[in-house]
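All remarks here apply to the structure that follows.
The values are calculated or read from the model by the stated rules, or taken from the named source; none is laboratory data. Note that this is a predicted model, so its numbers are computed, not measured. For neighbour counting, all protein chains shown are included, and Cβ atoms are generated from backbone atoms with ideal geometry for every residue, glycine included. Accessible surface areas use protein heavy atoms only, side chains included; no ligands, DNA or RNA. Shrake-Rupley method; radii C 1.70, N 1.55, O 1.52, S 1.80 Å.
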Amino acid sequence: MNVAIVKYNAGNIYSVVNALRRMGIEPLLSDDAEQLKKADRVLFPGQGEARGAMEYLKARRLDEVIRDLKQPVFGICVGQQLLCKHSEEGDVDCIGIFDAEVKRFQPKNHEDKVPCMGWQNLSNLKSPLMEGLGENPYVYFVHSYYVPVCEETIATADYILPYSASMHKDNFYTCQFHPEKSGKVGEQILKNFLELNCKL
């Protein structure tokens, strides 16, 4: 299987590369439009700041390339947020697959820390992406911004308030957490993504 990872100015890409290698997949890291279009699967991971990431993507027209992809696409962490309509982080318009606004966590109590860091369980699971995870599986999060629960939410987490831990629309799938850092649960999610053509 030909698996591509979108290459742009976002951290954490190599942890996703290593996770795929552990599964026997040698991914292609690319910012070339034709290579991304030809891939069987495209992953769009990242850590970092939304405005800087969108400026980089738009300067190379990668936002248009990603928007037009027809194969399964998987946005991870900031990748999920960038696939939304707008982000409060830098007050920037994003790629716009999901008609959702990315919000910053607002602490309600002294013990509410931002960023949210650590293991949380998922609930309200739906979609083939979430198959075989067991009940209330735990995954690893690091983020200061979140996507509110919406029509496209396929898993929720709760930190200060319930929010979208994972989303799905058409051929686009996302997760706010890091599957590559989430042990066997994260590996199963990556496996599910790679096998989506068998389940659609």
Roughly how big is the chain's charge dipole about its Cα centre, with Cβ charges of +1 (Lys, Arg) and -1 (Asp, Glu), in debye to the nearest 20?
400
For region 104-200, what is the accessible area per residue in Å² when the probe is 1.4 Å?
48
With every protein chain present, what is the per residue accessible area of region 1-75 (1.4 Å probe, Å²)?
47
By how many nm would the segment from Arg61 to Lys169 lengthen if fully extended, with 0.36 nm per residue of separation less the alpha-carbon distance?
36.7 nm
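With each run of n ≥ 4 DSSP H residues scored as -39500 (n - 2.57), what mean residue ellipticity at 222 nm is computed for the chain after dividing by its residue count and rounding to the nearest 500 deg cm²/dmol?
-7000 deg cm²/dmol
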Debye, to nearest 20: dipole size of region 1-116, +1 on Lys, Arg Cβ, -1 on Asp, Glu Cβ:
320
Which of the peptides 74-80, 189-195, 147-153, 44-50 is most tightly packed, and how do the rest follow, going by the mean number of other Cβ atoms within 10 Å of each residue?
74-80, 44-50, 189-195, 147-153
Whole-number percent relative contact order across region 1-114, with pairs defined as alpha carbons under 8 Å at least 6 apart:
22
Just how much of Lys108 is accessible, in Å², when a 1.4 Å probe is used and the result is rounded to the nearest 10?
140
Mind checking the full-extension length gain between Ser15 and Asn109? Use 0.36 nm per residue of separation minus the Cα-Cα distance, one decimal, nm.
30.5 nm
For a quick check of understanding: with a 1.4 angstrom probe and all protein chains in place, what accessible area in square angstrom does Lys58 have, to the nearest ten?
90
Leaving ligands, DNA and RNA out of it, rank His110, His86, His143 by accessible area with a 1.4 Å probe, largest first.
His110, His86, His143
With a 1.4 Å probe and all protein chains left in place, how much of the accessible area of the chain comes from carbon and sulfur atoms, in whole percent?
46
In cubic angstrom, how much convex hull volume per residue do the alpha carbon atoms of the chain span?
105
Honestly region 58-129 on the Cα gyration tensor test (a ≥ b ≥ c root eigenvalues; a/c under 1.5 rounded, otherwise a/b vs b/c for prolate or oblate) is just oblate
Once Rh for region 142-200 is found with the Kirkwood sum over Cα pairs, what is the Stokes-Einstein diffusion coefficient at 25 °C and 0.890 mPa s, in µm²/s?
199
Please enumerate, by chain and number, the lysines with C-alpha under 29 Å from the C-alpha of Lys169, excluding those fewer than 8 residues away in the same chain.
Lys7, Lys37, Lys38, Lys58, Lys70, Lys85, Lys103, Lys126, Lys181, Lys184, Lys191, Lys199
